[in-house]
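Undergrad: The structure that follows is given in the form of structure tokens.
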Amino acid sequence: MNNVINITPDVTQDQKFLDATLRLARKHQGLTGTNPSVACVVVQHAQEGSRIVGSGVTAKGGRPHAEPPALEEAGELAKGATAYVTLEPCAHHGKTPPCAQTLIDAGVVRVVTAITDPDNRVNGKGHSMLIEAGIKVTEMDGGEAAQRVMQGYLKARTSSRPFVTLKMAMSEDGLIGSTQEGNLKISSKISSRQTHLHRARHDAILVGSGTALFDDPNLDCRLQGLEGRSPLRVILDEKSNLTETATVINTALKTPTIIVSPSSSPVEWREMLARNGVQHQACELEGGRIALPELMGDLAARGIQSIMVEGGARIAESFIKENLVDELVIHVGGKVDKPQTLEHAVYAPFTPNKLPDGFVVCQKLNFGADTSIRLRKKN
Ligand code: AOF
Ligand code: ZN
């Protein structure tokens, strides 16, 4: 492109590039540890059109941040360009220099961001640094897309606990399983694949030992090409019931696993966990049950910022009761095989027609014969 004249595009153009940047940020969601997965796209806006000259996303593990690789790719073309960044660029000297300074040094003339960084070391300082250097800053509202891609980071930073998604698969009338016939067929293949995709975007999956023993699940991401995206597995086992026969234990060297139980759990049992490469998280008990609010704080302190809770009914009920659920995802099976004897049926603490209070429906999708409903906690 010759004769580059940098123009300020209209708000629709800005929105389009910011949306593209937000989509890029999803690439490393769940893979950046305590750092959010941020994306940066560098664009040359000229009268004859706009072109992307560099892009970057926070590296796996959290560093380098998104801006340096994007600016490096742009090289000289960063001069006069606009940088779209999903989060306010950092202003602190951490393991890397401040990204705000890197943007200034690269010669960009405008920075468009989707969210202000709640980290005390940044929180407005990144934007101020840019403005003081003569860079035009446009703070746009990244809306739900920005909130979603950074939900774990935002929750952990502001509340010192992970963002919790409770996912349940059930029939129209709330049936989730049977105490006798093993794993009931509730979800279609499409719903299961969506669940695996959802898993990949979280730092951890959490279930109770009952589910781990009875259903013997793998609790990993088995989508083709995303096998490396299995999150950490967290199993609540207050009575030390799990044995080496459970898949979650004997595959812990492949898929990292944490078992949560009181520190008074038998020593031989703790040794068995260690032998299998399982990590142990000690917890407090409250009325004989694991104290969930405290556990959430402990897991956040371990760097876990988003958790997908996948069952069973008792765990789901406790998370709801303790007011720890931020998002609810319900897969309603279109064709559910009911148990032979209904006295063996296990029901969810709510049904698609009688949902817990305090949630609003924000999305309804059809997955084959199933329906998926996504609800968010009301603010
Ligand atoms: C950015 N771009 O891509 C990310 C940012 O420990 P450090 O030094 O990596 O700092 C972590 C903080 O950096 C994190 O809490 C958040 O404020 C910011 N993350 N900032 O400019 C990025 N990932
Ligand atoms: Zn940075």
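Undergrad: List every residue whose amide H lies under 5 Å from the amide H of Val234, counting only residues 5 or more places away in sequence or on a different chain, with H placed 1.01 Å from N in the peptide plane.
TA: Here Ile205, Leu206, Val207, Ile258 satisfy the definition.
Undergrad: Here is a further query. Roughly how many Å is it from the Cα centre of the range 311-379 to that of the range 109-138, as a whole number?
TA: That distance is 40 Å.
Undergrad: Roughly how much of Thr102 is accessible, in Å² to the nearest 10, using a 1.4 Å probe?
TA: 40
Undergrad: Let's see if you can work this out: charge +1 on each Lys and Arg Cβ, -1 on each Asp and Glu Cβ, no other charges. What is the dipole magnitude of the range 160-377 about its Cα centre, in debye to the nearest 20?
TA: Numbers: 25 positive and 26 negative charges, 160 e Å.
Roughly 760 debye, rounded to the nearest 20.
Undergrad: Cα centroids of the range 26-59 and the range 223-285: how far apart, whole angstrom?
TA: 36
Undergrad: Next question, about the same structure. Summing +1 for each Lys or Arg and -1 for each Asp or Glu, what net charge is found among the other residues whose Cβ lies under 13 Å from the Cβ of Asp173?
TA: Values: positive: Lys338, Lys354; negative: Glu172.
Once positives and negatives cancel, what remains is +1.
Undergrad: List every residue whose amide H lies under 5 Å from the amide H of Leu285, counting only residues 5 or more places away in sequence or on a different chain, with H placed 1.01 Å from N in the peptide plane.
TA: Ala291
Undergrad: So, R0 is 41 Å and r is the distance between the beta-carbons of His196 and Gln47; what FRET efficiency does that work out to, to 0.05?
TA: Details: r = 46 Å, r/R0 = 1.12.
Calculated value: 0.35.
Undergrad: Also, quick follow-up: Grab the alpha carbons of the range 160-377, take their convex hull, and tell me the volume per residue in Å³. The partial results should precede the final answer.
TA: Details: hull volume 26.8 nm³, N = 218.
It comes to 123 Å³ per residue, whole-number rounded.
Undergrad: Can I ask one more? Sequence-distant or interchain residues sharing an amide H contact under 5 Å with Leu166, placed H: which?
TA: It is Val309, Asp326, Glu327, Leu328, Val329, by chain and number.
Undergrad: How big is the dipole moment of the range 42-201 about its Cα centre under a simple scheme where the beta carbon of each Lys and Arg is +1, that of each Asp and Glu is -1, and everything else is neutral? Debye, nearest 20, please.
TA: The calculated dipole for the range 42-201 is roughly 560 debye.
Undergrad: Residue-wise, which Karplus ³J(HN,Hα) couplings in Hz belong to the range 337-342, taking 6.51 cos²θ - 1.76 cosθ + 1.60, θ = phi - 60°, and x for glycine or proline?
TA: So the Karplus estimates, Gly and Pro as x, are 7, 6, x, 4, 10, 5 Hz.
Undergrad: Shifting gears a bit: Could you give each residue of the range 30-47 its phi-based ³J(HN,Hα) in whole Hz, using Karplus coefficients 6.51, -1.76, 1.60 with θ = phi - 60°, and x for Gly or Pro?
TA: Karplus-based 3J(HN,Hα) across the range 30-47 equals x, 10, 10, x, 7, 8, x, 7, 10, 10, 9, 10, 9, 10, 8, 9, 10, 4 Hz.
Undergrad: Right, something else. State, to one decimal in nm², a quarter of the convex hull surface area for the C-alpha atoms of the chain, i.e. the direction-averaged projected area. Could the numbers behind the result be given before it?
TA: Values: hull surface 82.7 nm².
Result: a mean projected hull area of 20.7 nm².
Undergrad: A further question follows. Going by average Cβ density within 10 Å per residue, which order do the peptides 196-203, 316-323, 284-291 take, highest to lowest?
TA: The most tightly packed comes first, giving 196-203, 316-323, 284-291.
Undergrad: Still on this structure, I have one more. Just subtract the alpha-carbon distance of Glu144 and Gln340 from 0.36 nm times their residue separation and send over the number in nm, one decimal.
TA: Gain in length upon complete extension: 66.3 nm.
Undergrad: Oh, and also: Under a Cβ-only charge scheme (Lys and Arg +1, Asp and Glu -1), can you give me the dipole magnitude of the chain about the Cα centre, in debye to the nearest 20?
TA: Working: 42 positive and 42 negative charges, 87 e Å.
That gives a dipole near 420 debye.
Undergrad: Given labels modelled 7 Å from the Cα in the Cβ direction, how far is it in nm from Lys16 to Lys95?
TA: Going by the 7 Å Cα→Cβ label model, 3.8 nm.
Undergrad: Would you mind telling me the share, in percent, of accessible area of the chain contributed by carbon and sulfur at probe 1.4 angstrom?
TA: Within the chain, the accessible surface is 48 percent carbon and sulfur.
Undergrad: Which residue fluctuates the most in the chain, going by a Gaussian network model with Cα springs under 10 Å, if the choices are Val361, Val164, Val42?
TA: Val361
Undergrad: Of the options Leu213, Asn241, Thr251, report the single residue whose Cα projects farthest towards the positive end of the charge dipole of the range 207-261 (beta-carbon charges: Lys, Arg +1; Asp, Glu -1).
TA: Positive-end residue among those listed: Thr251.
Undergrad: Report the one residue of Leu197, Gly358, Ala313 whose Cα lies farthest in the direction of the positive end of the charge dipole of the chain (charges on C-beta: Lys and Arg +1, Asp and Glu -1; origin at the Cα centre).
TA: So the residue furthest toward the plus end is Leu197.
Undergrad: Hey, another quick one. Give the lysines whose C-alpha is closer than 21 Å to that of Lys155, dropping any in the same chain fewer than 8 places away, or say none.
TA: The reachable lysines, counting only those whose Cα sits under 21 Å from Lys155, are Lys27, Lys60, Lys125, Lys167, Lys321, Lys377, Lys378.
The values are calculated or read from the model by the stated rules, or taken from the named source; none is laboratory data. Fair warning: this is a prediction, and the values are worked out from it, not measured in the lab. For neighbour counting, all protein chains shown are included, and Cβ atoms are generated from backbone atoms with ideal geometry for every residue, glycine included. The protein model used for the area step is the full one, side chains on, heavy atoms only, and it has no ligands, DNA or RNA in it. Shrake-Rupley method; radii C 1.70, N 1.55, O 1.52, S 1.80 Å.
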